[in-house]
Structures are given as C-alpha cells and as structure tokens.
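Structure record follows, encoded as structure tokens.
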Amino acid sequence: MFYVYAYINAKTGLPYYVGKGKGNRAFVKHGRVNVPNDRSMIVFIETCLTELGALAIERRMIRWFGRKCDGSGILLNLTEGGEGATLPSHLNSQYGKFGKDHGAFGHKKTNEWKANHSKRLSKNNPMNNQESLEKMRATRLRQKWWTDGVSNRMTEHCPAEGWWNGRTQNVSGANNPNSKSRRVAHA
C-alpha cells in the first residue's frame, strides 16, 4: 500500500515538499530535500492507496501548491509528480542511466557556477516577492485542517458531514503495524 505525504515548514505551516511512498519513505532522506527533524512536520495526506492512486494525488497536490523551480508556487519538487513509478530493478536499465553510470556523476560544481545559478533562481523566484508571501499567508490563515479520522484535508469549510476540525497524524509510518495515530487539534 502507498501513501502521499508532505513535509511542512515549521515557521510558515506550509508544505515545502510533496511525495508518494510506502514503508518508511517519508522518514528517510532522498534526493536533495531535507526530511524534517520534527516528525510532526510530516503529514500523511492520504494512506492505503494503490500506486496509481498515490501518483495521481501526488500530482494533484503538487499542481495545487505549485513548484518554486518553475515559479508557480512554494514546493521544492523538481517535477510535476506522478512519474515516480516503482519499477523492478531489472527494468531500470531501460529507462536511462543512474548513479555512477550517469555522465554527470562525480562532476563537482565550481563556487562561481553555484553563485551564478543561485542568482538566476532567486531573481525569478516568487517567494522573494513580499506581495506573494502575503497572499499565501492570507490564504493559509483562512484554511483549517479537517479530518474524518482516516484522512486529512485543509480547506476553508468542512468538506462533508462526519468531518471535524483537526487532523489525524500517523506517527510511525503508514505501513507500520505498531504505528499509533493521534489526533492533533488546530485552533
């Protein structure tokens, strides 16, 4: 079974990464995105999904919050999501080279390249715009967490009958039989 998760910025309360996974994927470092030290900043958006369902929800959430790299939003995701299908290892060779086999493996970036790259990215970054930040804060303040005891949603109004204000958080991982769920209330 798969799940969709988000890493939440403790200062803003907004997500900075959305991903799909199974097992302990949400709790281990992968790629360039840092896993929050505070496990309560890892939110499980949906659990008990098929892989196809998880990919679709991941893509929808990334589209909703937008990506920093293309100037559409706040997430650190580099792709639109939905393409990270889990393949058997013998099929990976059919889809390109990875790791040491990749042509760029081991090539170090110079400090000059890093500085120029950072300037290019920050110049077009909507997160450097105070007006954009204020709009996102205003939207966030109008929204509340709602739960039905199984899944969580963040909206301005109760999504359906049987939902209440707050959220249910899976503390130890979606597929861990010893996991404990706890209810986190929000004002």
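The values are calculated or read from the model by the stated rules, or taken from the named source; none is laboratory data. Predicted model only: the values in this text are computed from it and were never measured. Reconstructed Cβ throughout: ideal geometry from the backbone, glycine too, with neighbour counts over all protein chains shown.
If you check I42 against the conditions, is it closer than 25 Å to W146 by Cβ and in contact (Cβ under 8 Å) with a residue 40 or more places away in the chain? Quick ask: steps written out before the conclusion?
Working: closer than 25 Å to W146 by Cβ: yes; in contact (Cβ under 8 Å) with a residue 40 or more places away in the chain: no.
Taking the combined requirement at face value, the residue does not satisfy it.
To keep it simple, each residue is scored yes or no on (1) in contact with a strand residue (DSSP E or B) (Cβ under 9 Å, 6 or more places away or on another chain); (2) modelled with pLDDT of 70 or more; (3) part of a strand (DSSP E or B).
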residue	(1), (2), (3)
E134	no, yes, no
R137	no, yes, no
L141	no, yes, no
W146	yes, yes, yes
M154	yes, yes, yes
Q169	yes, no, yes
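Which members of the range 16-28 meet the condition of being loosely packed, with under 14 Cβ neighbours inside 10 Å and free of Cβ contacts under 8 Å to residues at least 60 places away in the same chain?
Result: V28, single match.
What are the residues in the range 108-129 that are modelled with pLDDT under 70 and either touching a helix residue (DSSP H, G or I) at 6+ places or on another chain (Cβ under 9 Å) or within 30 Å of M154 (Cα to Cα) (or both), if any?
L121, S122, N124, N125, P126, M127, N128, N129
If I filter the range 28-58 down to residues being in a strand (DSSP E or B) and of a type in the set (V, I, T), which single residue comes out as farthest from Y3 (Cα to Cα)? Walk me through it before giving the result.
Residues of the range 28-58 that are in a strand (DSSP E or B), as a first pass: 30, 33, 42-49.
Those still in the list that are of a type in the set (V, I, T) too: 33, 42-43, 45, 47.
Values: V33: 18, I42: 12, V43: 10, I45: 8, T47: 4 Å.
Of everything passing the filter in the range 28-58, V33 is farthest from Y3 (Cα to Cα).
Out of all the residues in the range 3-15, is one or more surrounded by 16 or more Cβ atoms within 10 Å (Cβ to Cβ), in contact with a strand residue (DSSP E or B) (Cβ under 9 Å, 6 or more places away or on another chain) and more than 27 Å from K135 (Cα to Cα)? Give the steps one after another, and end with the answer.
Taking the range 3-15 and keeping what is surrounded by 16 or more Cβ atoms within 10 Å (Cβ to Cβ), we get 3-8, 14-15.
Narrowing further to those that are in contact with a strand residue (DSSP E or B) (Cβ under 9 Å, 6 or more places away or on another chain): 3-8, 14-15.
Filter again for more than 27 Å from K135 (Cα to Cα), leaving 3.
The answer is yes, given that some residue of the range 3-15 is surrounded by 16 or more Cβ atoms within 10 Å (Cβ to Cβ), in contact with a strand residue (DSSP E or B) (Cβ under 9 Å, 6 or more places away or on another chain) and more than 27 Å from K135 (Cα to Cα).
For E80, indicate whether it is surrounded by fewer than 16 Cβ atoms within 10 Å (Cβ to Cβ) and over 30 Å from E134 (Cβ atoms).
On the way: surrounded by fewer than 16 Cβ atoms within 10 Å (Cβ to Cβ): yes; over 30 Å from E134 (Cβ atoms): no.
Taking the combined requirement at face value, the residue does not satisfy it.
What number of residues within the range 12-30 satisfy the criterion of being charged (D, E, K, R) and at pLDDT below 90? Before you say what the answer is, go through the steps one by one.
First, the residues of the range 12-30 that are charged (D, E, K, R): 20, 22, 25, 29.
Still in the running and at pLDDT below 90: 29.
So the count comes out to 1.
Consider L87 against the criteria (1) farther than 27 Å from G166 by Cβ; (2) modelled with pLDDT of 90 or more; (3) of a type in the set (A, V, I, L, M): it satisfies all of them except one. Which criterion is unmet?
Condition (2) is where L87 drops out.
So how many residues does the range 29-59 have that are under 14 Å from R167 (Cα atoms), surrounded by 14 or more Cβ atoms within 10 Å (Cβ to Cβ) and over 13 Å from the mean Cα position of the chain (by Cα)? Let's see the steps before the verdict.
Step one: of the range 29-59, the residues under 14 Å from R167 (Cα atoms) are 40-47.
Filter once more, so that each one left must be surrounded by 14 or more Cβ atoms within 10 Å (Cβ to Cβ): 41-47.
With over 13 Å from the mean Cα position of the chain (by Cα) added as a condition, the list becomes 47.
Going through the range 29-59 one residue at a time, the tally reaches 1.
Give the range 1-27 a look and list any residue that's part of a strand (DSSP E or B), within 16 Å of I74 (Cβ to Cβ) and of a type in the set (V, I, T), or say none.
I8, V18
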